[in-house]
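Here's the structure, in structure tokens; my notes come after.
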Amino acid sequence: MAKAVRFHFPGAPEVLRYEDVEVGDPGPDEVRLRHVAVGLNYADIYFRSGTYPVPLPSGIGVEASGYVTAVGSNVAHVAVGDRVSYTGFLNTLGAYSTERLIPAAPLIKLPESIAFETAAAMTMRGLTAAYLLRRIHAFKPGDSLLLHAAAGGVGLIVAQWAKLMKLSVIGTVSTDAKGDLARARGCDHIINYSREDVAARVRQLTDGVGVDVVFDSVGRDTFKASLDSLKRRGLMVCVGTSSGTIPPFDPQLLAMKGSLFLTRPALADYIADPIEKMLLAHELFDHVGHGRIKIDINQHYALEDAVIAHRDLESRKTVGSSIFVL
């Protein structure tokens, strides 16, 4: 019988349960998958805690890789035996499982150059890095970027890709060890926010000008420093809220700090178009497949250890990407 991690009410990691589940035949627009690896993402915590409310009981997880074992009558772009990965939102919820049914639309065929573990660690993170760098702003060589959580799964991919684009990258981290890794992956400068004033250090590194763009996945704890790090008419990209949501503020603040731009994008809106998703995935897979971008998988968990994995992720013990191996 298949296994899945589910939760029956929102709360702390301990609400997660490892349960037996029945997996039937796919509907007309569905496929049945046998997972090989499953991604662990901060979005999973939002679902589990109730920040993203869903009907309960519910599965959890939005990213995985594996083999197609059955297809519905309307499915044409994948076939039994295909190697695939996927990421999404509500349409892919339930990835923490050994087998599952899923709509066929989110599935991405994997080239042979991409291993299952790599795919599970990078499909969401890599596509996030792709749209941030290729769709949010018209970056040009020499532009400056402040990258929060530079040693996280998304951060390490962004840092490497940004260097391929010849950007100047300032990364923030919480420990010296994370700083060493982020620097090795492409950050030109590292700020340890546990002992340095981020905005003041950014101003120092940019001769008082500030950076062109900030990618801020932390949220509440870093929002003010991020705004204070931007140059006049710079762009603030709020891409996550791992420290909590940003409190309401008067938009006049953006004018006072230099006519700043602000956006809060979501991956789902940048991969909703199948052609755009294909183009972003192709560019990502090409970089990874040819070794230009390395995917750091530093934590491996068994699926039944989901509670431990969530504790580690919330306490910021993880570095790079984390996956469940089946």
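The values are calculated or read from the model by the stated rules, or taken from the named source; none is laboratory data. Here the structure is a predicted model, which is why all the values come from computation and not from measurement. Note that we place each Cβ from the backbone using ideal geometry, even for glycine, and neighbour counts take in every protein chain shown.
Some observations on this one:
- Residue in the stretch 90-102 that is hydroxyl-bearing (S, T, Y), out of contact with any strand residue (DSSP E or B) (no Cβ under 8 Å at 6 or more places or on another chain) and under 30 Å from G291 (Cβ atoms) present: no
- Filter result for the condition that a residue is surrounded by 20 or more Cβ atoms within 10 Å (Cβ to Cβ) and either modelled with pLDDT of 95 or more or closer than 30 Å to A64 by Cα (or both), over S229, S259: S229
- Single residue of S194, S217 found to be out of contact with any Pro (no Cβ under 7 Å at 6 or more places or on another chain) and under 23 Å from F261 (Cβ atoms): S217
- D25 vs. criteria among the acidic types (D, E), modelled with pLDDT of 95 or more and in a loop (DSSP other than H, G, I, E, B): yes
- Verdict on A79 being surrounded by fewer than 17 Cβ atoms within 10 Å (Cβ to Cβ) and either more than 19 Å from the chain's Cα centre (by Cα) or at positive phi (or both): yes
- Residue among Y46, Y42 that alone is among the hydroxyl-bearing types (S, T, Y) and touching a residue at least 60 places away in the same chain (Cβ under 8 Å): Y42
So that you can scan it fast, the table gives a plain yes or no per residue for (1) surrounded by fewer than 23 Cβ atoms within 10 Å (Cβ to Cβ); (2) in contact (Cβ under 8 Å) with a residue 40 or more places away in the chain; (3) touching a His at 6+ places or on another chain (Cβ under 6 Å):
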| site | (1), (2), (3) |
| --- | --- |
| S144 | no, yes, no |
| L164 | yes, yes, no |
| G171 | no, no, no |
| A199 | yes, no, no |
| D207 | yes, no, no |
| R233 | yes, no, no |
| V237 | yes, yes, no |
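- Screening G240, G234 for residues that are of a type outside the set (A, V, I, L, M) and under 23 Å from the mean Cα position of the chain (by Cα) leaves exactly one candidate, G240.
- Strands (runs of 3 or more DSSP E) enclosed by the stretch 119-196 - at least 1 residues per element that are within 20 Å of the chain's Cα centre (by Cα) and aliphatic (A, V, I, L, M): 144-147, 168-173
- For the stretch 104-118, the candidate set comprises residues that are in contact with a Ser or Thr (Cβ under 9 Å, 6 or more places away or on another chain) and part of a loop (DSSP other than H, G, I, E, B); within that set, the residue that is surrounded by the fewest Cβ atoms within 10 Å (Cβ to Cβ) is A115.
- Which listed residue is touching a Pro at 6+ places or on another chain (Cβ under 8 Å) and within 24 Å of A302 (Cβ to Cβ), from S73, S58, S49, S65: S49
- Taking the criterion of being more than 13 Å from G153 (Cβ to Cβ) and either free of Cβ contacts under 8 Å to residues at least 12 places away in the same chain or not in a strand (DSSP E or B) (or both), the residues of the stretch 289-308 that qualify are G289, H290, G291, R292, A302, L303, E304, D305, A306, V307, I308.
- Test for R220: is it surrounded by fewer than 17 Cβ atoms within 10 Å (Cβ to Cβ), in the same structural domain as S49 (by TED's automatic domain parsing) and in a loop (DSSP other than H, G, I, E, B): no
- Subset of the stretch 59-103 [polar (S, T, N, Q), assigned to a loop (DSSP other than H, G, I, E, B) and more than 29 Å from I45 (Cβ to Cβ)]: S73, N74
- Positions within the stretch 309-326 being part of a helix (DSSP H, G or I) and either within 15 Å of the chain's Cα centre (by Cα) or surrounded by 15 or more Cβ atoms within 10 Å (Cβ to Cβ) (or both), in sequence order: A309, H310, D312, L313, E314
- Looking across the stretch 239-256, the residues that are outside any helix (DSSP H, G or I) and surrounded by 15 or more Cβ atoms within 10 Å (Cβ to Cβ) come down to V239, G240, T241, S242, S243, I246.
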